[in-house]
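Okay, so here's the structure we're looking at.
The values are calculated or read from the model by the stated rules, or taken from the named source; none is laboratory data. In this text, all values refer to a predicted model and were calculated from it rather than measured experimentally. Ideal geometry is used to build each Cβ from the backbone, glycine not excepted, and the neighbour counts take in all protein chains shown.
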Amino acid sequence: MYSTLKRVILCPPKKGMSQANFREWHYDGPLNQQKLNDNFKEFEDIICSHGCEVIMLDSEENLFDSVFPHDASLVTDRGAIILNMGKELRKEETKYHKKLYEENNIPIIGSIHSPGIIEGGDCLWIDEKTLVIGRGFRSNDSGISQLQEILKNDKIDVISYDLPYYLGPSACLHLMSVISILDEKLALVYEKLLPTGFWNLLRDRGFECILASENDFMDSNGLCLNVLALSPSNLIMVDGFDDTRKRLEDAGCIVGTFDGS
């Protein structure tokens, strides 16, 4: 999650996102199409400026959440795993991930099937051999067991922790809503929602945890935690969360921003 990013899947905003029923999709409010397009272009340009190859995901126009391609599949050193989405409106996204991997000759080493569910936002690599899963409304025991079976020959330790109820089943609280890995032993966290067992694991593994600003977390509904490491301690995040950004910079990180408002 922190090594140099070389190849990444992106999905541009759908043409009709401004017409989406924001209540049905659990967005904060109506979306501005031009703003979406401009923000995505700025983000894409930053990614490309770091020499990263971008693969564009093609999906149906009504799959508005497919702009978050991290959730429908999981990539390992051996190949990709097609996940099974917990949010019903996102179920169809996985077939487009499968198509993309097949077209790009990327091996598919397994799939998660119902009743199992897992979303990529609940999957966090803390090192090459340890994958932590958040068990909650979007990822369940059956999905976790299937993932453990797929990865057992890779000698990957799959560890799961319960996520808190917080805002309930209609909201989106992934494990990665409360932590981002920034470097080999460095993470940005929102401690109040971090599973206690996971906090203990991070401490035992020698992680330094930077605490996200309380005000930034509440003002952004957790968006200030969505920090991407382009390479170790070289980060990009949404603009406007100055307190959290300063904490990252004080810890020695280089932080770039883009407009995600």
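A few notes on this one:
- Any hit, region 58-72, residues being in contact (Cβ under 8 Å) with a residue 24 or more places away in the chain, closer than 25 Å to Asp122 by Cβ and touching a His at 6+ places or on another chain (Cβ under 6 Å): yes
- The residues on offer are Glu93, Glu119, and the sole one that is more than 16 Å from Phe198 (Cα to Cα), surrounded by 16 or more Cβ atoms within 10 Å (Cβ to Cβ), in contact with a helix residue (DSSP H, G or I) (Cβ under 6 Å, 6 or more places away or on another chain) and not small (Gly, Ala, Ser) is Glu93.
- Test: residue in region 146-156 that is surrounded by 13 or more Cβ atoms within 10 Å (Cβ to Cβ), out of contact with any helix residue (DSSP H, G or I) (no Cβ under 7 Å at 6 or more places or on another chain) and within 26 Å of Ser233 (Cα to Cα): yes
- Residue selected from region 122-142 under the condition of a type in the set (D, E, K, R) and surrounded by 22 or more Cβ atoms within 10 Å (Cβ to Cβ), by the criterion farthest from Pro195 (Cα to Cα): Arg138
- Boolean, Leu167 is of a type in the set (A, V, I, L, M) and modelled with pLDDT under 95: yes
- Residues of region 11-32 that are over 16 Å from Arg90 (Cα atoms) and part of a helix (DSSP H, G or I): Ser18, Gln19.
- Meets criteria (touching a strand residue (DSSP E or B) at 6+ places or on another chain (Cβ under 8 Å), farther than 26 Å from Gly110 by Cβ and touching a residue at least 40 places away in the same chain (Cβ under 8 Å)) for Val189: no
- Residue match in region 90-105 (condition: among the hydrophobic types (A, V, I, L, M, F, W, C) and touching a Phe, Trp or Tyr at 6+ places or on another chain (Cβ under 9 Å)): no
- Where strands (runs of 3 or more DSSP E) fall entirely within region 182-261, those with at least 1 residues that are surrounded by fewer than 18 Cβ atoms within 10 Å (Cβ to Cβ) are at 208-211, 228-231, 254-258.
- Annotation note: Cβ proximity below 7 Å between a residue of region 121-137 that is without any contact (Cβ under 8 Å) to a residue 40 or more places away in the chain and a residue that is part of a loop (DSSP other than H, G, I, E, B) and of a type outside the set (A, V, I, L, M, F, W, C) (sequence gap 6+ or interchain) occurs for Lys129/Lys155.
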